[in-house]
Every structure is written in C-alpha cells, then in structure tokens.
Amino acid sequence: MARARQRTIGKAANQWRHVRKLADSSSRKVTTPNNDTLYSSAWLDLRKGPVELTYPNATGRYFSVAFLDMFTNNFVVLGPEQTLGQSGSVRLVAPDGPTTGDEIIAPTPWVWAQVRTLVSNTDDLKLAHEFQDGLRILGDQLPPPDPVSAPTDPLSELQAIVGLLEAEAPPLPGEHQLRDRWERAELTSEGLANAPQSRLTLAVNGIKDARARITKRLAASTPISGWIYPEAHLGDFGNDYLYRASISVWGLGALPLREAAYFRAVAQDGVATFPSDKSFVLRFEPGAAPPARAFWSLSLYEALDDGRLFFSPNPLGRHAIGDRTPGLRTETDGSLTIWLGGPDPGEDRRSNWLPATGTRFALILRAYNPQPSMLDGRYLLPQVNAVSGV
C-alpha cells in the first residue's frame, strides 16, 4: 500500500486524482484494473485533523466510494444501496483523533479513498467526467510522505515494512499481542539495525518462506465448475493475513462481496491461466447471464510470471466483454458465446471475441451488486472450454 501510495499520490495528500480514460494496456500502476469504471483516487492524511469528502448526485449511474485502511481492508463502502444515487458527504478522523459523534473513525491515520464511476460507452465519458469533477475533499492539501525506497534485498524490505508499521500503522483489533511478540523478538527498526547475523538470516528466510506461501495460497483455491469463487471475507480480511497478501498480488484494493464479486477462471488442467496461442469459449445458456443488479463484465489479462495481471495490446483494443458491450451478438435461442484466446475466431464471431497476446492469459469476471444467488451457490458460472478447428 505504501508503494501504491508513492506511485499515485501526486503532489499532495487529500486531493483527488482522476483517471479520465478507461484502463487499457498502458495502465500498469495497479494490478488487475477494470475496464468498466473510471477511477478517482485520493490518499487521505488524517494526522493533522479530520477530512471530509463530498460526492454529487448520480441518479441512474453506478458509482461507489470505498475507504481502505493501510492493510487493504474496506472499512466503509458507499454504493448505490447506501447512497441511492443521491449526493452526500463523509467525514473521517484518525484512530486517536477528536470526534463529535458524526465522524467515521479510520483504523489507520492514512486512508486510500477510491471512487469507481461506471462508463456505459465512449459517448458517456463526458458525463462521467462531470460526476468526477463534482467530487470534493474538504481538508488541507498536505505534502506527501517521505518516499519508500525500493528494497534491494529481503532484509532491506523487512526493515522498510517494520519502519512503516512503527510510523503509521497502529495495531488493529486483536493484534496487540502479535505486536508484543515482535517487540520481544526485537523485530523493530532498532532491533534489526543491531541484530546479529544469525537473527537476520532467520528474518530473511522468513520473508522467502512467506513469498512461497503466498504463491501456494494463490494456487490452493478449489475451483467450482472451473472458477475460483471469492471467500466471504474478501476486502475485509480480519486476521487472515495470508489471504490478504495473496489478494494484494493480483487485485490490490478489491471491494468486499456486498459491493462486487470477483471470479477467476481455471483451465481444465487446474491452472489459473490459459495459453494465449489456443482458442477457448465461454457459453452462457439462455437466461443464464451473471445475475448482477448493477453490471457484469469479463476481463482478459496478460499473466506475468510474478502473478500480476495487466491488459495487453491486442488487434481489437478490447479488454472486456459484458452486459453493456456494443454489438455483442446472442444466438437465436438467447444464449451468449464469448470467444477467448489469440487466434481470430472469424468475422462472424469477432464481435464476441476477447483477444489474448503474450504467453498466457487470465480471466476475471466481475459482478457489481451481485444477486445473492451468485454468492450462495445457487448460480454457477459455466466452464471455460478449449476449442479446436478455429
């Protein structure tokens, strides 16, 4: 989160930075972006006092305002069900700040605020920009924090993490005993600076082990009907540190399920990526499109070796297909077939094609304001199947 803050904070804290175009292959600051909404982002510094955010009327347009602490937990999300599309305001205060009873107490003194504003099509961009321009932050525009140096080795990475925890992250509920254990083990800035080599070796090996466990956690989810379904505490992780870390690798800032559900496709060999030089198909039976109250979309990403996912250049400049995709063709029986992969499926199918480039690709389906049937097992996504002869 500190590195994401450094990349995206701009010249000052407590001010909005608006992305004015939908994410594409040039969007490489945050892994697994979506191609449906414009992002407005602000890093809020509550150390000098409360900060108030206001948002305008958005009748008929999906938008959500998510507030994340520095551990990527969404402690408040305002979506259509809370705002009803009407204007409003939120006042945030630091964990130890003065309150009058109307503020929301943030778990950490730094907060990442993210607004997602739906764009129906390219003609809708101007109106979406007008909504973004109506967002306001009432509070001093404070200078950004000191840069976080890029770690050159696991030890410097550990020292940077410990320093950030000491400076700006008080223990969350239930974590005080854990912090006490760290201090007794001299896992502090001072302790690491004066630690003998044997202790430093243990710490470095611990980081290597943690990375291996994160990789294993990413691959450990049991797919259902060819999809990895989100866990109930996505976006508000509690003390499940390993799940939180694994989600940060491929979806930093993911919303909780009450606002959005994310599903990742798995190939028939059990791998969560697909070879880009092959063709695949996803077919929704008549009336069986994903049940989402707001919208749904399927995004295709190039899968990097380190697990991160980004859009990549492709012949159509298309990165997602969903319920608002213009020109999408349904079959005469009402079914919907989406073609996936590098090979062009032909002129008759190109309107429903998500092209892949690179070596391997990943598929993420998002459902905003999902119906309960998507989360309780009554609705299952169809399997992505390999095809031949295309």
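Key figures
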| read-out | value |
| --- | --- |
| Check: the stretch 274-329 dipole with +1 on Lys, Arg Cβ and -1 on Asp, Glu Cβ, in debye | 300 |
| Of all accessible heavy-atom area on the stretch 228-281, the percent that carbon and sulfur account for (1.4 Å) | 56 |
| Which of ASP344, ASP69 is most accessible, then next, and so on - probe 1.4 Å | ASP344, ASP69 |
| Accessible area of the stretch 264-373 divided out per residue, in Å², using a probe of 1.4 angstrom | 41 |
| For the stretch 126-146 versus the stretch 10-84, the gap between their alpha-carbon centres in whole angstrom | 9 |
| Unit charges at the beta carbon, dipole of the chain: most positive-side option, THR152, THR83, GLN114 | THR152 |
| Amide H within-cut-off set for LEU252, under 5 Å, with H built and near neighbours excluded | THR31 |
| Magnitude of the charge dipole, the stretch 56-158, Cβ model with Lys/Arg +1 and Asp/Glu -1, debye to 20 | 360 |
| Long-range HN-HN contacts of PHE361 with modeled amide H, under 5 Å | PHE274, SER276, ALA303 |
| Note, ³J(HN,Hα) from phi for the stretch 292-309, Karplus 6.51, -1.76, 1.60, rounded to Hz, x at Gly and Pro | 10, 6, 8, 6, 9, 7, 10, 10, 10, 10, 6, 9, 7, 5, 8, x, 6, 10 |
| Accessible area in square angstrom per residue, the stretch 1-89, 1.4 angstrom probe | 40 |
| 22 Å Cα-Cα reach of LYS29 towards lysines, excluding residues that sit fewer than 8 places from it in its own chain | LYS11, LYS21 |
| In Hz, Karplus ³J(HN,Hα) per residue of the stretch 341-346 (6.51, -1.76, 1.60; θ = phi - 60°; x = Gly, Pro) | x, x, x, 5, x, x |
| Unit charges at the beta carbon, dipole of the stretch 242-358: most positive-side option, ALA294, GLY327, TYR262 | ALA294 |
| Charged-residue dipole, Cβ positions (Lys, Arg, Asp, Glu), the chain about Cα centre, Debye nearest 20 | 500 |
| Amide H within-cut-off set for VAL76, under 5 Å, with H built and near neighbours excluded | PHE67 |
| Heavy-atom accessible surface of the stretch 324-390: percent carbon and sulfur, 1.4 Å | 46 |
| Surface accessible to a 1.4 Å probe, per residue, for the residues of the stretch 166-259, Å² | 58 |
| Pairwise FRET efficiency - ASP153 versus ASP102, Cβ, R0 = 41 Å, nearest 0.05 | 0.30 |
| Trypsin sites (Lys or Arg not before Pro) restricted to DSSP loop in the stretch 241-335 with at most 12 other C-beta within 10 Å | ARG329 |
| Relative contact order (percent, whole number), the stretch 20-87, Cα cutoff 8 Å, 6+ residue spacing | 24 |
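The values are calculated or read from the model by the stated rules, or taken from the named source; none is laboratory data. Nothing here was measured: the structure is a model prediction, and the numbers come from that model. Glycine gets a Cβ as well: all are built from the backbone with ideal geometry, and neighbour counts include every protein chain shown. These accessible areas exclude ligands, DNA and RNA; they are computed on the full protein's heavy atoms, side chains included. Shrake-Rupley method; radii C 1.70, N 1.55, O 1.52, S 1.80 Å.
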